[in-house]
Amino acid sequence: MLTVDVSLMGLDDLQGVAAVYQHTFNASPWNEGWELEAASERLKGLLAAPNGLGVVASREGVVIGFALGYLEPWVTGMHFRLKEMCTLPREQRQGVGAFLLDFLLRTLKERGVLQVFCETRAGVPAETFLRHAGFRTLNVLALGRRL
């Protein structure tokens, strides 16, 4: 893996992060159709939330991946809800995501976080990546309703 810099995400990273999000989630297997402005608004909302926290991976000043979510107080202590994580498709399978996730998990542990939760679709590469990183299926049911 070429040199990758990982740091805490700031609002000044949003333009690069939104571009990575758009590029990644408009590609297979997601094919979601994100416009750059909508991606930026989504990510800004997460990062700017009172307990928002993100990390960003870059190479030579260009964002190539990120992880973003928020801290949640819970009865047993602090949890982290990982809402979005991606690496540019051309950077995948090169260790960038693992490096990024490791940095995030170390940062969370230093802040006293006890558990990390996330969601992904079954059968996509993200599921394999997360399982390899030690995430496991929880006994929960995700429900939704169109309005």
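Per-structure values
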{"item": "Selected residue (only one of 141, 130 is closer than 26 Å to residue 31 by Cα, surrounded by 12 or more Cβ atoms within 10 Å (Cβ to Cβ) and not aromatic (Phe, Trp, Tyr))", "result": "130"}
{"item": "Index of the failed condition, residue 70 passing every other in (1) modelled with pLDDT under 95; (2) in contact with a helix residue (DSSP H, G or I) (Cβ under 7 Å, 6 or more places away or on another chain); (3) not in a loop (DSSP other than H, G, I, E, B)", "result": "(1)"}
{"item": "Residues that are of a type outside the set (Phe, Trp, Tyr), modelled with pLDDT under 95 and surrounded by fewer than 20 Cβ atoms within 10 Å (Cβ to Cβ), drawn from the stretch 24-47", "result": "26, 27, 28, 29, 31, 32, 33"}
{"item": "Residues satisfying the stated conditions in the stretch 111-147, i.e. modelled with pLDDT of 90 or more and hydroxyl-bearing (Ser, Thr, Tyr)", "result": "128, 137"}
{"item": "When residues of the stretch 87-106 are limited to those that are in a loop (DSSP other than H, G, I, E, B) and under 14 Å from residue 23 (Cβ atoms), the one farthest from the chain's Cα centre (by Cα)", "result": "92"}
{"item": "Residues within the stretch 84-131 that are in contact (Cβ under 8 Å) with a residue 60 or more places away in the chain and of a type in the set (S, T, N, Q), tallied", "result": "3"}
{"item": "Residue that is nearest to residue 84 (Cα to Cα) [pool: residues in the stretch 114-129 that are in contact with a strand residue (DSSP E or B) (Cβ under 7 Å, 6 or more places away or on another chain) and of a type outside the set (Phe, Trp, Tyr)]", "result": "118"}
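The values are calculated or read from the model by the stated rules, or taken from the named source; none is laboratory data. Note that the coordinates shown come from a computational prediction; the quantities given were computed from them, not determined experimentally. Note that we place each Cβ from the backbone using ideal geometry, even for glycine, and neighbour counts take in every protein chain shown.
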